[in-house]
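J.: There's a structure below that I have some questions on.
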Amino acid sequence: METTFGVIKPDAVAAGKIGEIIKIIEKNGFKIVGLRMERLSLEKAQKFYEVHKARPFYNDLTKYMSSGPIVALALEKEGAVKAWRQVMGATNPAEAEEGTIRKLYGENIERNAVHGSDALETAKAELAFFFP
Ligand code: UDP
Ligand code: MG
C-alpha cells in the first residue's frame, strides 16, 4: 500500500469544488487518511514549491497558492502516486484527458485545481511537510 500527497488548490476551493473532487477521489478507490484545510503563508508556499524556484512562473504560482485556503490530503491506495497523477490529469487543463479533475475544474495551466506528488520520495517529503 502506498500513500501520496494531494492538494485541492485555492481556485477549486473558491469555486466550491471540494465535495466533487473528494467524491472523485473516493470513487477511484483512494482511502483518505489525512485531510486538513489550511491557508498557506507566502513563505510556506515558497518552501513547498522550492524545486521550481528558478522557473518563470514561481512568483505567480506561490502568490496564487497563498491567495486562499487549500485542502491538504493524504491518499492511500496501491500505486497511489501514479494513480493520483492519472486522476488529476495533465498540468495544463487544456491538454488533460476527459474526466480528469484538471479537465473538469482547472481554469488554466497555473490555476489547475489540484496538486499531486510526482514520485514516491516526493510524496514522503510532501506528506511530512503538511502532516508532521
Ligand atoms: N505551473 C504554472 N505554469 C507552468 C507550469 C506549471 O503556473 O508553465 C504551476 C501549476 O500550478 C503546476 C505547478 O506550477 O501545477 C507545478 O508545476 P509542475 O510542472 O510540477 O506540474 P504538476 O506536477 O503540478 O503537474
Ligand atoms: Mg509537480
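J.: Can you find even one residue in the stretch 71-83 that is away from ligand 2 (no atom under 15 Å from the Cβ), modelled with pLDDT of 95 or more and of a type in the set (V, I, T)?
T.: Checked against the condition, which is being away from ligand 2 (no atom under 15 Å from the Cβ), modelled with pLDDT of 95 or more and of a type in the set (V, I, T), the stretch 71-83 yields at least one hit.
J.: If the requirement is being in contact with a helix residue (DSSP H, G or I) (Cβ under 7 Å, 6 or more places away or on another chain) and on the phi > 0 side of the Ramachandran plot, which of these qualifies: A123, A113? Show your work before the answer.
T.: Working: A123 fails: on the phi > 0 side of the Ramachandran plot.
The match here is A113.
J.: Mind listing just one residue for me: the one in the stretch 39-94 that is more than 13 Å from the chain's Cα centre (by Cα) and assigned to a strand (DSSP E or B) and, of those, surrounded by the most Cβ atoms within 10 Å (Cβ to Cβ)?
T.: Ranking the qualifying residues of the stretch 39-94, first place goes to K77.
J.: While we're on this one: Go through the stretch 110-132 and give me each residue that's out of contact with any strand residue (DSSP E or B) (no Cβ under 9 Å at 6 or more places or on another chain) and within 12 Å of ligand 2 (Cβ to nearest atom).
T.: Hits for the stretch 110-132 are N112, D118, A119.
J.: Right, another one. Please work out if G34 is surrounded by 14 or more Cβ atoms within 10 Å (Cβ to Cβ), under 15 Å from F5 (Cβ atoms), within 15 Å of ligand 2 (Cβ to nearest atom) and touching a residue at least 24 places away in the same chain (Cβ under 8 Å).
T.: Working: surrounded by 14 or more Cβ atoms within 10 Å (Cβ to Cβ): yes; under 15 Å from F5 (Cβ atoms): yes; within 15 Å of ligand 2 (Cβ to nearest atom): no; touching a residue at least 24 places away in the same chain (Cβ under 8 Å): yes.
Spelling it out, it is not the case that G34 is surrounded by 14 or more Cβ atoms within 10 Å (Cβ to Cβ), under 15 Å from F5 (Cβ atoms), within 15 Å of ligand 2 (Cβ to nearest atom) and touching a residue at least 24 places away in the same chain (Cβ under 8 Å).
J.: Okay, moving on. Can you work out which of the residues in the stretch 39-68 that are touching a Pro at 6+ places or on another chain (Cβ under 7 Å) and not charged (D, E, K, R) is nearest to A123 (Cα to Cα)? If you could, list the steps in order and put the result at the bottom.
T.: The first filter runs over the stretch 39-68 and keeps only residues touching a Pro at 6+ places or on another chain (Cβ under 7 Å), leaving 39, 64-65, 67-68.
Now narrow it down to the ones that are not charged (D, E, K, R): 64-65, 67-68.
Details: Y64: 22, M65: 18, S67: 23, G68: 23 Å.
Going through the qualifying residues, I end up with M65.
J.: Same structure, new question: Among the residues of the stretch 107-118, is there at least one that is more than 18 Å from T4 (Cα to Cα), outside any loop (DSSP other than H, G, I, E, B) and of a type in the set (S, T, N, Q)?
T.: no
J.: Determine if the stretch 120-129 includes at least one residue that is assigned to a strand (DSSP E or B) and loosely packed, with under 13 Cβ neighbours inside 10 Å.
T.: Kept after step one, since they are assigned to a strand (DSSP E or B), are these residues of the stretch 120-129: none.
Within the stretch 120-129 (the criterion being assigned to a strand (DSSP E or B) and loosely packed, with under 13 Cβ neighbours inside 10 Å), the answer is no, since none of the residues qualifies.
J.: Continuing with this model, one more query. Specify which of the listed residues (L75, L40) is in contact with a Gly (Cβ under 7 Å, 6 or more places away or on another chain) and of a type in the set (A, V, I, L, M). Explain how you work it out, then say what you get.
T.: On the way: L40 fails: in contact with a Gly (Cβ under 7 Å, 6 or more places away or on another chain).
From the options L75, L40, the qualifying one is L75.
J.: Now for a separate question. Exactly one of these conditions fails for R102: (1) within 14 Å of ligand 1 (Cβ to nearest atom); (2) surrounded by 13 or more Cβ atoms within 10 Å (Cβ to Cβ); (3) of a type outside the set (S, T, Y); (4) not in a helix (DSSP H, G or I). Give me its number.
T.: (4)
J.: What are the residues in the stretch 1-35 that are more than 16 Å from E107 (Cβ to Cβ) and basic (K, R), if any?
T.: K23, K27, K31
The values are calculated or read from the model by the stated rules, or taken from the named source; none is laboratory data. Just so we're clear, the structure is a prediction, and the values are computed from it rather than from any experiment. No Cβ is skipped: glycine too gets one built from the backbone with ideal geometry, and neighbour counts run over all protein chains shown.
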